[in-house]
1. Two-decimal Rg/Rh of the stretch 115-171 from alpha-carbon positions, Kirkwood Rh?
2. Would you please calculate the Kirkwood hydrodynamic radius of the stretch 1-110 over all C-alpha pairs and express it in Å, rounded to one decimal?
3. What's the center-to-center distance, using Cα atoms, between the stretch 13-47 and the stretch 108-139 in Å?
4. Of ALA105, PHE94, VAL68, which is farthest on the positive side of the dipole of the stretch 67-173, counting Cα position, with +1 on Lys and Arg Cβ, -1 on Asp and Glu Cβ, and the Cα centre as origin?
5. As an exercise, use a Förster radius of 35 Å and the Cβ-Cβ distance of ARG137 and LYS74 to find the FRET efficiency, rounded to the nearest 0.05.
6. Among LEU161, LEU73, LEU20, which one moves the most in a GNM of the chain with springs linking Cα atoms closer than 10 Å?
7. Once neighbouring chains are kept in place and the probe is 1.4 Å, which whole percent of the accessible area of the chain is contributed by carbon and sulfur?
8. Anyone know which of ALA90, ALA81, ALA177 comes out most mobile in the 10 Å Cα GNM of the chain?
Amino acid sequence: MDTRTWMRYWRRAVFVAAVLRCVPFVRMVGLNGSMVTGTFRQQSDIDVYIVTKTGHIFLSRFLVTAVVALLGLKIRPNKEAGMICANRFAIEDFVEITPHDSYHARVFHNLIPLFVDGRAYQAFRAENQWMHEFGERLPLHQPALSRGMLSFLLQRLGELLLWWPALERWAERVQRARVSSDVRARHPESKVVISSKELRFHLPKKSHG
């Protein structure tokens with residue numbers, strides 16, 4: 001493993017989490033994937049798992065995606081290395097990773113909480129003890145970042161301004177439309193789940209055809 005590159009990507013992940021803790025309705029940013037499973041390479045992206053306040057998952061994803069894009073770190077089909085791949089979101093009341101299989105146990109068992117608000121991380125560990133069945137333990141990690149009063153106030157102010165259910169419905173329509181128009185979503189290798197509980201977008205990173 002390229003330790004120097006890993007540390008550079010780690011600092012980038014922590015920086016992004018520090019920004020995202022100010023985003024309305026975000027309750028946890030967790031690092032998963034190759035950076036925590038021992039399969040990291042210089043070409044790897046940075047996989048993050050986002051937990052949101054219940055009832056605001058679509059608006060949260062819209063805001064997170066916009067912030068990551070503004071930071072110049074949004075993953076693209078032909079630009080993956082060191083980019084942020086936020087392809088899985090869940091509400092704080094549904095943090096069980098599914099399906100229960102060896103792949104998901106390996107990818108998520110060593111999740112590192114970069115930022116946590118409330119009990120999202122404790123709930124994640126409690127709901128995913130099934131990973132033991134595949135020989136994977138869930139080590140306890142301390143969050144890389146503290147809550148911070150300024151980020152708390154900024155986030156809660158944003159939530160007061162954006163709490164309207166109409167905004168959540170609008171964000172859902174926008175994202176469903178984007179997925180339906182993305183040819184990658186119809187590829188046999190794609191796995192897309194869109195619901196009020198979780199959002200999963202595992203699309204081929206490179207175009208096919």
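1. 1.15
2. Numbers: mean 1/r = 0.0697 Å⁻¹.
By the Kirkwood definition, the hydrodynamic radius is 14.4 Å.
3. Centre-to-centre distance over Cα atoms comes out at 15 Å.
4. VAL68
5. 0.60
6. Looking only at LEU161, LEU73, LEU20, the biggest GNM fluctuation is shown by LEU161.
7. Values: 6140 of 10760 Å².
In the chain, the share of accessible area belonging to carbon and sulfur is 57 percent.
8. Evaluated over the chain, the most mobile residue of the options is ALA177.
The values are calculated or read from the model by the stated rules, or taken from the named source; none is laboratory data. Computed from a predicted structure; not experimentally measured. Cβ: placed from backbone, ideal geometry, glycine included. Neighbour counts: every protein chain shown. These area figures cover heavy atoms from the full protein model, side chains too; ligands, DNA and RNA do not enter into them. Shrake-Rupley method; radii C 1.70, N 1.55, O 1.52, S 1.80 Å.
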